[in-house]
Amino acid sequence: MKNLLPALALLLSPLAGWAAAAPTEVAPDRAAVLAVVQKFFDAMQARQPEGIRQTFLPGTQYALIVPSAEGYLTRQKSIETLIAETQADPNPWLERLWNPTVLVEGRIATVWARYDFHNGRKFSHNGTDCYTLLKTDAGWKIAGLVFTIEPGARTENPAGPPP
């Protein structure tokens, strides 16, 4: 038993350093990071191409996974494709997050949250969003986005359907 304690301490010591260096929810940066994601949602709903572009780093791609009859399909698209899709749809897109987890470490952040999506006034689907953001000289910008599309009968959002 005497020999076990020093060995156990030696094995666990790297974990103590890792936990101390783990990203944290930093209040001012957390608010700024979430504000960028909300600005993206607002611009998407208002169908404002330049507003959408301002929230992303140039050339950003996004990826999604959606269930299909064959299993799950993955797609990767550019933000310019997303902008074109918002412009082609006559209905505004409403996306809402709830209970986001925001991790910030220096100039990198992630936002992980459940979301619901409405096309016009009609509920479309729920899913999980994962945003990666970088803090540039111009402020926080979305550098990547991956999300799931999970069709369902109604929103999972604790706030219920949008007003």
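The values are calculated or read from the model by the stated rules, or taken from the named source; none is laboratory data. If you're wondering where the values come from, they're calculated on a predicted model, not measured in any experiment. Positions of Cβ are backbone-derived with ideal geometry, glycine not excepted, and every protein chain shown enters the neighbour counts.
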The strands (runs of 3 or more DSSP E) lying entirely within the range 49-110 that contain at least 3 residues which are within 29 Å of A27 (Cα to Cα) are 61-68, 93-105
Among the residues of the range 66-93, the number that are aliphatic (A, V, I, L, M) and crowded, with 16+ Cβ neighbours inside 10 Å is 3
Within the range 111-122, the count of residues that are small (G, A, S) and assigned to a strand (DSSP E or B) comes to 1
Among the residues of the range 142-154, the number that are free of Cβ contacts under 8 Å to residues at least 40 places away in the same chain and of a type outside the set (A, V, I, L, M, F, W, C) is 2
When every residue in the range 25-48 that is in a helix (DSSP H, G or I) and among the β-branched types (V, I, T) is compared, the one nearest to W98 (Cα to Cα) is V37
Within the range 147-163, restricting to residues that are assigned to a strand (DSSP E or B) and out of contact with any Asp or Glu (no Cβ under 8 Å at 6 or more places or on another chain), the one that is surrounded by the fewest Cβ atoms within 10 Å (Cβ to Cβ) is P151
request  = For A63, indicate whether it is buried (at least 18 other Cβ atoms within 10 Å of the Cβ), at negative phi and among the aliphatic types (A, V, I, L, M).
outcome  = no
Looking across the range 107-134 at residues that are surrounded by fewer than 17 Cβ atoms within 10 Å (Cβ to Cβ) and among the basic types (K, R), the single one that is nearest to the chain's Cα centre (by Cα) is R107
From the option list R30, R96, single residue qualifying as farther than 21 Å from K135 by Cα, surrounded by 16 or more Cβ atoms within 10 Å (Cβ to Cβ) and either touching a Phe, Trp or Tyr at 6+ places or on another chain (Cβ under 9 Å) or modelled with pLDDT of 95 or more (or both) is R96
Going through (1) more than 19 Å from Q54 (Cβ to Cβ); (2) touching a residue at least 40 places away in the same chain (Cβ under 8 Å); (3) in contact with a strand residue (DSSP E or B) (Cβ under 7 Å, 6 or more places away or on another chain) one by one, E105 fails only at (3)
Sole miss for H125 among (1) in contact with a Gly (Cβ under 7 Å, 6 or more places away or on another chain); (2) assigned to a loop (DSSP other than H, G, I, E, B); (3) not polar (S, T, N, Q) is condition (2)
